[in-house]
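Presented below is the structure to which this report refers.
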Amino acid sequence: MTKYDYIVDWIKNQWPIAIALIILVVLMAIPQVRDGIHTIRYWLVSLFKRTNKSENNAPPIVDVNGERITFTEMIRSSQFDVIKVHAHTHSFGINAEYIWINHRYPKYEFLKQTLTTLELMSGKSKYETNQIHFDVITIQLPNGKKKEIYFDISSFFSGATPWRLPHQSFVAKKIKEIYK
């Protein structure tokens, strides 16, 4: 008897298991099913982990020279984040942005950093100190996807010339919604 005869014999005797294995192999070839299985596995692993989820998901708190810097995560999405930085000192606030990024996206690659304001996003060209200011940091994630992080730096902004974000863009509309 050859090895193929053993395989055929086993399939004849264990046909329900053989059919289930064939169905499983076919389903694993479909990317959406595979992604769904990974999502369920991740959920089950996180369900049984012995860590405090609220601590892992909480934004970092930065203490520098007696100043406590905190963050409010206003929007977190796959395309962009809007984060309010609560700081008093400009240099500490800017450094805290990178601490937040390292906390949320530990293996990121820095691409660029720019400055804009909410008023300029609505089309006004005059710059005023009472506008809402955003430090926009663009990063690349380990999977190759680019992401923009809009840090609201109004609490410690010391003045600079901002660039104009198109006021009709999706990000500008979302930011306007949360600042109404």
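The values are calculated or read from the model by the stated rules, or taken from the named source; none is laboratory data. Please read these numbers as outputs of a predicted model, since none were measured by experiment. Heads up, the Cβs are rebuilt from the backbone with ideal geometry, glycines too, and the neighbour counts pull from every protein chain shown. Each accessible area value is taken on the protein alone, full model and side chains, heavy atoms only, with ligands, DNA and RNA left out. Shrake-Rupley method; radii C 1.70, N 1.55, O 1.52, S 1.80 Å.
Points worth noting:
- Within the span defined as the range 70-85, every residue fails to be open to solvent by 50 Å² or more (accessible area, probe 1.4 Å) and in a helix (DSSP H, G or I).
- Within the range 7-35, residues that are at pLDDT 80 or above have Cβ atoms under 8 Å from residues that are in a helix (DSSP H, G or I) and open to solvent by 90 Å² or more (accessible area, probe 1.4 Å) in these pairs: A18/W10, counting only partners at least 6 apart in sequence or on another chain.
- Selection from the range 90-115 of residues that are open to solvent by less than 50 Å² (accessible area, probe 1.4 Å) and of a type outside the set (F, W, Y): G93, I94, A96, E97, I101, R104, T114, L115
- Within the range 95-129, tally of residues that are modelled with pLDDT under 85 and charged (D, E, K, R): 4
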